[in-house]
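For reference, the structure is listed below as structure tokens.
The numbers here are math on the coordinates, done by the rules we state, and not lab data. None of these values were measured; they are calculated from a predicted model. Glycine gets a Cβ as well: all are built from the backbone with ideal geometry, and neighbour counts include every protein chain shown.
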Amino acid sequence: MKFSSQVGTRLLHTAAAGAAVVLAATACQPIQALEPAPEREDITSIPIGDREVREGGDLVMALSAEPDRLDPTTSSSLYTRYVMQTMCQKLYDIDAEGELVPQLATELPEVSDDGLTVTIPLRGDAVFADGAKFNAEAVRTTLERHLTLDDSSRKSELGPISSIEAVDETHVRITYKTPFAPLTAALADRAGMMLSPKALEETGKDFGDHPVCVGPFKFVERVPQTSIKVERDPLYYDAANVHLDTITYRIITDANIRAANLRSGDVQVADTISPQDVDALMQEDGVGVLQVGSLGYQGLTINTGNTEGVGEPVGEIDTPLAQEAAVRMALSMSIDREALVNTVFNSWFEPACSPISPASPFSSELSEDCPPYDPEGAKALLKEAGIETPYAIEMQVSNTPDTLRFAQALQAAVADGGFKLTILPVEYSTLLDVQSRGDFEMLQLGWSGRVDPHGNMFNFLSTGGGNNYSGYNDPEVDQLLKSAAQVNDDAERAELYGEVVQRLQEDNPLIYLYRQRSLTAYTNNVAGIETFADGVVHLSNAAFLADSQELEGEN
């Protein structure tokens, strides 16, 4: 087990002196004996290769949760990204190796020597699904919307932009107040999805009811809590490489029903296969599984000041959990991450202690360090803070079987540290609303991850950030995050992000728990499916295999 030598430093400046003695003298409790987690090999695609495909057909994908609004400016759900991937291409994307590659742009951005001017070259052959031309002015319009729409979740992802200019039809120039290194990575996600200016003018804030973008497919209809359908867009610039007629995303929240529909052939792709089912599923004929490690995390968000809604000024919550860093640290110390994850998820997932994956080039010793597992020390911290135990906390979670299984195991585990968790299960889409409104004491949710740590941290941790659901407010963290975004050297950025993690492990507005492994199942009569470390399943170039090869498959 790793320990951060600095964890608790600032906390102990304000806690009673006796607490410092307790922390120093209490040994880390050993994690229960477990079988070592097996090495997992990433399988990110089932390529078509030289196999013959059958043109046309309707592919059905089972989604484990309903997407939120189909508006790239405001959405926050991973499942929305699944659907938008086929409809709304971005200026950039990531590939199987996690490298940034052009999509609607033609090259990586050209950055001036002072880092303040960024010029992006654009495709000249793309049009939106409504026939509007894709050009630099359309890019400018989209980015301005991301920056100015009242409930935009993209504003803080794009950095301190001072102006956006359409230089000519195929070049857009972005000028910054200070350098902003994460821009390309931001434009490889929702901030880079380009929206039809014609549709924006006609629909305004209602764009998400009928989104219009550049993509292999275009929106057809949405039946709430049931399905979303897209169809092939004949105006797409690379339509010759699109094989399916339609894709239907069917909402099937129960993992057992998703697996049953996959076995019956009623669906051809299913996301988020349960670690309880995946081993058996991988042994079945006619079914394959893609798997890849995650850049994201699952964790506990503690409401420390989100009283008026995300992005609004921080308020005061008069509870020890919200106000006392000692209480939050004690909660973190009560969690044996490795034992919980290996036991609940059959060693398919990995413990996590920070928002930076160890696989990231921005990882460091500080970002990989874990708080001690020390339930006796946790109880001592609570005692020194004058907290009567067991200290009660209400935790809201999504009502999926795997999440509830983990929540119940966590509930039992933290009791040893002096806590009493009450679990309140809610629908996933409801939980997204709950965290935005700040209508919670603590909740368990995650983030699918971005290739640049800025995308995993700034929005969630900076004061007023678009995803700062905790209502966290720390000027030093704000400054560290801003400084990291202004530096182009990866090693220097990694060091700064490590310092942020160090501060987080003192304050714990977010308690990081584990990283999922994306498990996507498919039937062996389809190919051209991909899934990368950002968690998104790509179906744009998927196809049904010709009849003579439908049963060959890949296991």
>> Taking 0.36 nm per residue of sequence separation and subtracting the Cα-Cα distance, how much length would be gained by fully extending the chain between GLU312 and THR422, in nm to one decimal?
In response: 36.8 nm
> If you take the beta carbon distance between LEU235 and GLU388 as r and set R0 to 60 Å, what does 1/(1 + (r/R0)^6) give as a FRET efficiency, to the nearest 0.05?
Replying inline: 0.40
>> Spelling out what I want: for every residue of the range 363-377, take phi, set θ = phi - 60°, compute 6.51 cos²θ - 1.76 cosθ + 1.60 (Karplus), and round to whole Hz; glycine and proline get x.
In response: 6, 8, 4, 5, 6, 9, 5, 10, x, x, 8, 7, x, 5, x
>> Taking the 0 to 90 degree range and rounding to the nearest ten, how far is the long axis of helix 475-485 tilted relative to the main principal axis of the chain, both from C-alpha atoms?
In response: 40 degrees
> Taking the Cα centre of the chain as the origin and placing charges on Cβ (Lys, Arg +1; Asp, Glu -1), which of VAL310, LEU183, ALA339 is farthest toward the positive end of the dipole?
Replying inline: VAL310
> Can you list the HN-Hα couplings for the range 87-103, worked out from phi with the Karplus curve (6.51, -1.76, 1.60; θ = phi - 60°), rounded to whole Hz and with x for Gly and Pro?
Replying inline: 9, 10, 6, 10, 5, 9, 9, 10, 9, 4, 8, x, 7, 7, 9, x, 10
> What list do you get for SER264, SER332 if you sort them by fewest beta carbons within 10 Å?
Replying inline: SER264, SER332
> Summing Lys, Arg as +1 and Asp, Glu as -1, what charge do residues with Cβ under 14 Å from the Cβ of VAL327 carry, VAL327 excluded?
Replying inline: -3
> Count of lysine pairs in the chain with Cα atoms under 17 Å apart, counting only pairs 8 or more residues apart in sequence or on different chains?
Replying inline: 13
> For the chain, what does the alpha-carbon gyration tensor say about shape, rounded, prolate or oblate, given a ≥ b ≥ c as the root eigenvalues, a/c under 1.5 as rounded, and a/b over b/c as prolate?
Replying inline: oblate
> Semi-axes of the range 295-515's equivalent ellipsoid from the Cα gyration tensor, sqrt of 5 times each eigenvalue, largest first, rounded to whole Å?
Replying inline: 25, 20, 18
> Rounded to the nearest 20 Debye, what is the dipole magnitude of the chain about its Cα centre when Lys and Arg each give +1 and Asp and Glu each give -1 at the C-beta?
Replying inline: 820 debye
> From Cα coordinates alone, what are the radius of gyration and Dmax values for the range 472-544 in angstrom?
Replying inline: 19.1, 54
> Relative contact order for the range 167-226 using alpha-carbon pairs under 8 Å, separation at least 6, rounded to a whole percent?
Replying inline: 21 percent
>> For the chain, take the longest principal axis of its alpha carbons; what is the angle in degrees between that and the long axis of helix 136-148, to the nearest 10 within 0 to 90?
In response: 30 degrees
> Any idea what the dipole of the range 449-555 comes to, in debye rounded to 20, about its Cα centre with Lys/Arg Cβ at +1 and Asp/Glu Cβ at -1?
Replying inline: 260 debye
> Projected onto the charge dipole of the range 295-515 (+1 at Lys/Arg Cβ, -1 at Asp/Glu Cβ, origin at the Cα centre), which of MET442, TYR514, THR403 gives the Cα projection farthest towards the positive end?
Replying inline: THR403
> Where does each of MET193, MET282 land when they are ranked from fewest to most other beta-carbon atoms within 10 angstrom?
Replying inline: MET282, MET193
> With each label point set 7 Å from Cα along the Cα-Cβ vector, what nm distance links GLU201 and VAL167?
Replying inline: 2.6 nm
>> Could you check the spin-label model distance between ARG405 and VAL220? Points 7 Å from the Cα along Cα→Cβ, value in nm.
In response: 3.5 nm
> How high is the relative contact order of the chain, given as a whole-number percent (alpha carbon pairs under 8 Å, six or more residues apart)?
Replying inline: 23 percent
>> I'd like the distance separating the alpha-carbon centroids of the range 245-267 and the range 78-94, in whole Å.
In response: 20 Å
>> With +1 assigned to the C-beta of every Lys and Arg and -1 to the C-beta of every Asp and Glu, and no other charges, what is the dipole magnitude of the range 187-229 about the Cα centre in debye, to the nearest 20?
In response: 140 debye
>> With an 8 Å Cα cut-off and a minimum separation of 6 or more residues, compute the relative contact order for the range 295-515 in percent.
In response: 37 percent
>> With 10 angstrom as the radius, rank LYS482, LYS155 by how many other C-beta atoms surround their C-beta, starting from the fewest.
In response: LYS482, LYS155
>> If you average the C-alpha positions of the range 394-446 and of the range 271-309 separately, how far apart do those two centres end up, in angstrom?
In response: 16 Å
